[in-house]
Amino acid sequence: MQEGLGGDAKGTILGDAPPGRAIGPRTLVLVNPNSRRGSESLDAVNERLEKGGLILQHETFSSADEVSQDIVRRAPEVDRVVICGGDGSVNAAARGLMETGLPFGVLPLGTGNDLARTLGLPEDLLAAADVIVAGRVRPIDLGMVNDKPFFNVASLGLSTDLARSLTPDIKRRWGRLGYALAALKVLSRAAPFTATIVAKGDVARVKTMQIAVGNGRYYGGGMSVSDRAEIDDHHLDLYSLELKSVWKLAAMLPAFRAGSHGAWEEVRTERCTEFEIRTRRPRPVNCDGELCTETPARFKIVPDAVRVFSP
């Protein structure tokens, strides 16, 4: 592939094919048939991609472990990857994308689609396909927690309880409303826990409902980690929700949507490239909506880890 055929400081344009090859970019299309919109026909999307000059090679996957394995296995045969699924599917591709260096596009078929929102991708699948065809690629960061990658956020507390409650059946049946239904169930039995946060050499012992460390801006179906968080700013943004009553969250919800929750005295915020979180007993950590590891948790940023097609 040719790079540097245009673009700006935020990205470059990938050309169709190197000299001497008559076909367009060979594109591995990975489809999660179990995502919320995975049963939708992709015929029109495939046609749009092919009209844009892409040579498509399709594979479906039924488990997260398959995604990166498929990318690595097929890397010698393709020039780019398109992931059809939600945030969990994209997260599952992270290792394969890092290992191969292949640029990737996203067709948002999930419930939250927070990475797509962070990147400014359209929800309409044909419009999202047009972004991939246009070929504008930008490098973005990845967060790592205990060597597990995340695009959006890694967190513990309320979010891990929510991840357990938000079953695939609830996602398919209720979509984004499923987040609200599961959240009500989680909040009704929520309790604070004690944690130690280490950042920039400082140690803070807190009693908290949730600690979230964000790489991108959005998570949880449109909540914002911080109003200044960007997925290519080479930093992580942390907040700790130190409430006495979890029901105060209802009043704070607009601030979480806007990313201005750091203005509340009950919310501790920090911006750094590395964090460590310790708890009295191991607590599960949620990466992009899926349980991935447990405390003690060490977070770090990997700048410009992968390349993605974006508007």
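The values are calculated or read from the model by the stated rules, or taken from the named source; none is laboratory data. Just so we're clear, the structure is a prediction, and the values are computed from it rather than from any experiment. Methodologically, a virtual Cβ is constructed for each residue, glycine included, from the backbone with ideal geometry; neighbour enumeration extends over all protein chains shown.
Answer yes or no as to whether Glu266 is in contact with a helix residue (DSSP H, G or I) (Cβ under 9 Å, 6 or more places away or on another chain) and among the charged types (D, E, K, R). Answer is yes for this residue. Residues of the stretch 13-40 that are under 23 Å from Asn91 (Cα atoms) and modelled with pLDDT of 70 or more: Arg26, Thr27, Leu28, Val29, Leu30, Val31, Asn32, Pro33, Asn34.
Considering the stretch 228-257, the residues that are under 17 Å from Ala116 (Cα atoms) and without any contact (Cβ under 8 Å) to a residue 60 or more places away in the chain include one that is farthest from the chain's Cα centre (by Cα), namely Arg257. Among the residues of the stretch 106-148, the ones that are under 29 Å from Ala297 (Cα atoms) and among the aliphatic types (A, V, I, L, M) come to 8 in all.
Candidates Gly88, Gly101: the one that is of a type outside the set (Asp, Glu) and at positive phi is Gly101.
Please determine, by comparing only the residues of the stretch 274-300 that are acidic (Asp, Glu) and closer than 26 Å to Gly85 by Cβ, which one is modelled with the highest pLDDT.
Glu294
For the stretch 65-76, the tally of residues that are surrounded by fewer than 17 Cβ atoms within 10 Å (Cβ to Cβ) and in contact with a strand residue (DSSP E or B) (Cβ under 7 Å, 6 or more places away or on another chain) stands at 0.
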